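Computed from the coordinates by the stated procedures, all read-outs in this text should not be read as laboratory data. Just so it is clear, the model here is predicted, and its values are computed rather than measured. Using ideal geometry, Cβ is built from the backbone for each residue, glycine included, and neighbour counts are taken over all protein chains shown.
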Amino acid sequence: MAIEVCPGLDRRTVEAELTARVEGLLGTHPRIVGRALEVRIDEFHARTSDFAARVVPGFRAYQRQRAELIATERARLRIAEYRPRVMASFVRNRLVDEVYLPLIGDNLARQIGAAGDAKRTDSNGLLLLVSPPGYGKTTLVEYVAERLGLLLVKVNGPALGHGVTSLDPAEAPNATARREVEKINFALAAGNNVLLYLDDIQHTSPELLQKFIPLCDATRRMEGVRDDEAHTYDLRGKRFAVCMAGNPYTESGRRFRVPDMLANRADVWNLGDVLTGREEAFEASFVENALTANPTLAPRDRADLDLLVRLAAGDPTAQRDRLAQAVRTGRVGPRAGRTTPRARGPGDGTRGEHSVHRVGRPVRRYPHRTLVRPPGLVPRHEPDRVPHLPRHERG
């Protein structure tokens with residue numbers, strides 16, 4: 001460049017190395033040969049210029065096109081609908097930890113595998129939960145799927161109905177049933193990191209439920225439909241799990257009976273039966289769920305709940321100073337944080353007044369003549385006092 005711009009400059013010959021060799025490199029780049037990289041000054045500028053002018057813009061255009069394609073496919077497949085959403089009111093109480101999670105965990109360990117040395121090369125099994133409405137089957141499955149990072153494909157049993165016996169969407173009797181069949185085929189096609197959940201199976205056909213029997217074996221193959229053609233889904237070695245849930249009775253009032261072939265191979269749990277001998281945890285779950293609805297009453301520590309229940313039952317071994325929440329807030333003892341109105345007599349110079357004492361706070365006095373009082377505070381010596389009424393309005 002200097003020669004072209006300034007041709008009149010004096011010139012002299014300089015001897016220098018135009019190549020260099022960098023040793024001791026680690027990597028898989030094609031230019032690294034034998035842990036060494038050859039660098040040539042005469043071609044370095046041309047190569048880097050081409051990289052900046054052609055490769056970098058091309059790679060950025062590829063990233064933009066890839067992001068747009070992924071967003072389009074996510075919208076088409078409705079991936080957002082399959083993200084598990086745990087209810088804000090869900091409480092992981094003793095009943096969940098000690099009863100429900102061990103049952104589900106043992107089955108899912110066989111279906112999707114366990115971490116560490118307990119991992120098995122073969123996967124099999126199917127989970128079937130039966131209980132009356134309100135036991136929290138769906139909420140529990142959503143929580144487990146969210147914690148495990150699985151897509152949760154929920155299939156509505158009443159929408160399928162007894163008329164659906166095939167996994168071919170074209171044979172569905174209506175659009176709603178066709179959509180539910182498409183969900184099943186989507187879950188089978190996705191394969192990895194999927195939890196297929198069929199809810200209210202008492203409203204479905206036993207013939208449809210029996211199509212999931214091969215998943216209980218080590219073969220893990222299931223017939224389905226993809227692109228309007230019959231297809232065999234191979235789920236061996238994949239993190240794929242199936243869970244079904246139903247009620248003991250059908251819509252006609254008859255007792256729901258699990259198909260024998262499915263009941264013999266799946267893990268069937270009646271959540272009402274597994275609570276036998278766990279009445280204490282079941283009753284404590286109601287208390288814990290109710291307390292968490294109030295941020296003031298919600299115990300920070302689960303041990304506090306057990307201690308509060310023992311205190312309420314009159315257990316002499318239970319001590320208030322063992323409450324973890326009270327120790328942190330500095331309120332320990334029967335009078336901690338209590339508001340106590342105290343009446344003043346006529347001889348102490350404060351007739352017609354009462355004071356409010358709160359631990360750790362200054363004393364404040366409120367005259368009886370004033371109508372401004374803290375809400376809910378009534379002096380002990382006048383519990384039924386009402387505002388003054390005119391003489392002609394008194395009874």
Considering region 22-77, what Rg and Dmax in Å follow from its alpha-carbon atoms?
17.8, 52
What is the diffusion coefficient of region 168-212 in µm²/s, taking the Kirkwood radius over Cα pairs and the Stokes-Einstein relation at 25 °C with a viscosity of 0.890 mPa s?
213 µm²/s
Region 81-270, Rg to Rh (Cα coordinates; Rh as Kirkwood inverse mean 1/r)
0.94
The set of residues whose placed amide H lies less than 5 Å from the amide H of residue 125, leaving out same-chain residues fewer than 5 positions away, is 216, 217
Residue-wise, which Karplus ³J(HN,Hα) couplings in Hz belong to region 49-64, taking 6.51 cos²θ - 1.76 cosθ + 1.60, θ = phi - 60°, and x for glycine or proline?
5, 5, 5, 6, 8, 10, 6, 4, x, x, 5, 5, 5, 5, 5, 5
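How much net charge surrounds residue 145 when only other residues with a Cβ under 14 Å from its Cβ are counted (Lys, Arg +1; Asp, Glu -1)? Before the final figure, lay out the partial values.
Working: positive: 83, 85, 137, 147, 154, 239; negative: 81, 142, 146, 199.
Within the 14 Å Cβ shell, the charges total +2.
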Going by amide H atoms built from the backbone, whose H comes under 5 Å of the H on residue 151, apart from near neighbours?
194, 195
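Hey, got a sec? Which GluC sites (Glu not before Pro) in region 1-80 land in a DSSP loop and have at most 13 other Cβ atoms within 10 Å?
Working: sites: 4, 15, 17, 23, 38, 43, 68, 73; in loops: 15, 17.
Of the GluC sites (Glu not before Pro), the ones in loops of region 1-80 whose Cβ has at most 13 other Cβ atoms within 10 Å are 15, 17.
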Sorting 45, 162, 203 on the 10 Å Cβ count, fewest up front, what's the list?
45, 162, 203
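Using the Kirkwood formula over every pair of different C-alpha atoms, what hydrodynamic radius in Å results for region 103-207? List each step's numbers first, then the result.
Details: mean 1/r = 0.0665 Å⁻¹.
Value: 15.0 Å, from the Cα pair sum.
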Number of Lys pairs in region 106-257 closer than 21 Å at Cα, excluding neighbours under 8 places apart unless interchain, is 9
